[in-house]
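To keep things clear, I will list the structure first and then write my remarks on it.
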Amino acid sequence: MSIKKILFSTTAFLFIFIISAFSAVPDSISIKKIDSLNTKIVSNKLATNDTLKNDSTKKIEPIDTIPPSLPIMKYGSMFLLPHHFYQKIKKDDNNYLNAYSFSDIFKAQHRYYPLSLGMYGLFNNMSVLGGSSRDNNFRFNGRTLTDFEFGSFNPELFSPDFVESAEIMVGSDAVILGDAASGALINFQEIRYNTKNPYTHLFYCDGGFGYFGSDGIFSQNFLKNWNLTLGFRRQSDHGYFDNSGLDSWNFRSIIRWNPSNLTNISFTQNYFNNINGLSGGTSTYTSSMTNLNSSVLSENMNERVFRYDATMQLCSYITSDTSQAFSMNTYFSNIEWWRYYDLKLLNDTSALGRIKNFNSYTGISGKYEFSAFRAIIIRTGGEINYIKIGGSPFYSAWKGISSSVWGYGQLDFIPQFEITGGYRMNLLYSKVANSLGGSIKYNFSNKAHILADLSISEKIPSLVEGIALSKERNQLAFFEFEYNFDELNTSLRFFDRNVQNPILSDSTPMSSNNIFGIRTYNGDSRNILGVGFNVEYRHNLKYNLFNVFTLESYSIEPWGQFQNSLTNGTDDKRIPLFYGGVKAFLTFLASESIMNIGLELSALSSQQGNQFISITRQMIPNQSSNSAATDGLNLFVSLKLGDAYLRLTWMNILNSKYYYIPFYTEMNSNFRMSVSWSFFD
């Protein structure tokens, strides 16, 4: 992006902000009505009692004195009764983060290894506690979003501005509540607005290599206890390498009814039209490569997905003391794929062809929660889906039923101890998978705790992997220690993942029975051992500068993770032994404005890695290794100006060549700007 473009965008933003600041009119109408005015006469003239009695033209307008019902704060959450999530990323947590998607947001947590494909909109995911992308289960309001043919979901489709919070669960919580999700269960909680005046939120992002992104929200209560929320998202870019561009549209709507303070009902629609180039990454990798002198594996393959998700949810506290709760979803998803392939890779003499297939499912899910003496919480639930999947060159057509039932208990009756545990049974492709686990948390004080978690789960292979394969069995032990001082927050975690019958893929010579040269099979074992740490140090300064600014504080945040992975007893080097970095920034205040300015650097040790096959979402071993690398250093500035946020980032200043997944090389030096602005917030 040129300097002129940067200056123009920044100047335009500031101009609009100044004009809006002077034109804003505060709402002077009080919501509460004085009882004595409830029968106020419309006419402002004085009237005697005789006049009132005799004048039939004077009408008394009744005023509704019953206050409107409020939306439930935990509406759309995995739990309505109290629960401690492993991590909960709220919408306001990202105000100072220059992020365009959930892959950016997850990466910024510094707890997970990015499974990044280097460009916007691609299948960018994350590895949690040594797991893969198919070990993650994504949900919306507790209902599944899974593409059943792949057993995974692309989180790039979901707009962060459509989510009140992202609830992240790991270990036993994830496998019990999220279809044997031995990596993580991520639940997107529906955005919640409750406003008499029209509310508007706008987001704009301009990034490297032609990226443009925008997002808009409109929300208003159109009737008492009724709210309408509309939104859109638009993204496009021409790509860093050939055939890696993006063209994406998203429209969404929510109608919510609050019949009481204890019951909410909503109907949500989410429509996506997403086009991605499937380059497969570069054919080779060297330290001198650029987007101009490199070739990609495929210059023609691309994928277009039309996706429609409809969800109706009911949440209700059954008792007035909120000790019992019930929630239920009915939902429908239809996903249509248009894929353009190099048919020569499918043993066809043609150069290119389109393959069209679909996946649709209708389901219902529900759960009941009960609390006794505020010390015991019992939860139980289940779901059932009717699935219909069209065939493709990579898997056969299938239709049938999937279902699951689960139970989960939480005990808090022992001082300083929190104990959880449960069991889940899944049925899919006529196979039964069992998952169970539990955790114990000891709170030394309100500033320190230690958590131990053990889970055992069985994962049913997906259609693209081959449902004739044996189930994969994961055993995950996870420990975490946290200590929070006044200015210092620290966490240290260990995990040990053992997988029996792991579902593996590799490349093989072409044959008529081996599409695209990929073989999927059950291995003997896989073991991943890891340790990670996060430190956040913030020191308050409060230095006055020129009687204009205040240097409020400085922050330093080092983090890192070490992982070693063995497959069938051999070091597979699929994840770097070390991934870590440091973030440092200063915070300035000026009246009600806030500015953060700082640097961030991350580094990776040498890795061999697994290549990602985008048309089937499978990973195969890479045959070469790269040397250690850094992300090239990022300089960032984030500003809060009234109700607006402006973020500027110079990424990869040192123009470093690196990747997280071979050979999807990350972008070289580029500039990203984003701005978000809420009206009548």
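Quick check on the chain: helices-only [θ] at 222 nm, where DSSP H runs of length 4 and up contribute -39,500 (n - 2.57) each and the sum goes over total residues. Nearest 500, please.
-1500 deg cm²/dmol
When ligands, DNA and RNA are left out and all protein chains stay put, how many square angstrom of accessible area per residue does the chain have with a 1.4 Å probe?
With all protein chains present, the chain gives 45 Å² per residue.
Just the C-alpha atoms of region 504-611: what Rg/Rh do they give, with Rh taken as the Kirkwood radius?
Result: Rg/Rh = 1.30.
Go from 0 up to the bin containing the longest alpha carbon distance in region 465-510, width 10 Å each, and give me the % of pairs per bin.
With 10 Å bins starting at 0, P(r) equals 19, 27, 22, 17, 11, 4, 0.
If I model a spin label at Thr380 and Leu529 as a point 7 Å from the Cα along the Cα→Cβ vector, what separation in nanometres do I get?
4.2
Points 7 angstrom from Cα along the Cβ direction at Asp486 and Ile355: gap in nanometres?
6.3
Would you report the distance distribution of C-alpha pairs in the chain as whole percents per 20 angstrom bin, up to the bin with the largest distance?
Taking every Cα pair in the chain, the percentages come to 16, 50, 28, 5, 1, 0.
Net charge around Phe533, counting only other residues with Cβ within less than 12 Å of its Cβ (Lys, Arg = +1; Asp, Glu = -1)?
Net charge in that neighbourhood comes out at -2.
I'd like to know which of Ala397, Asn385, Leu411 lies farthest towards the positive end of the charge dipole of region 369-419, counting +1 on Cβ of Lys and Arg and -1 on Cβ of Asp and Glu.
The one lying farthest along the dipole's positive direction is Ala397.
I'd like the carbon and sulfur percentage of the solvent accessible area for the chain, probe radius 1.4 Å, heavy atoms only, ligands and nucleic acids excluded.
C and S atoms contribute 61 percent here.
³J(HN,Hα) across region 378-392 via Karplus (A = 6.51, B = -1.76, C = 1.60, θ = phi - 60°), whole Hz, x for Gly/Pro?
10, 10, 8, x, x, 8, 9, 10, 9, 10, 9, 10, x, x, 8
From largest accessible area down, sort Ile653, Ile575, Ile168; use a 1.4 Å probe on the protein chains.
Ile653, Ile575, Ile168
Could you give the alpha-carbon Rg of region 337-480 over 2.2 N^0.38 Å, rounded to two decimals?
Output field value: 1.50.
The values are calculated or read from the model by the stated rules, or taken from the named source; none is laboratory data. In this text, all values refer to a predicted model and were calculated from it rather than measured experimentally. Note that we place each Cβ from the backbone using ideal geometry, even for glycine, and neighbour counts take in every protein chain shown. Areas reflect the complete protein model, heavy atoms only, side chains present, ligands, DNA and RNA absent. Shrake-Rupley method; radii C 1.70, N 1.55, O 1.52, S 1.80 Å.
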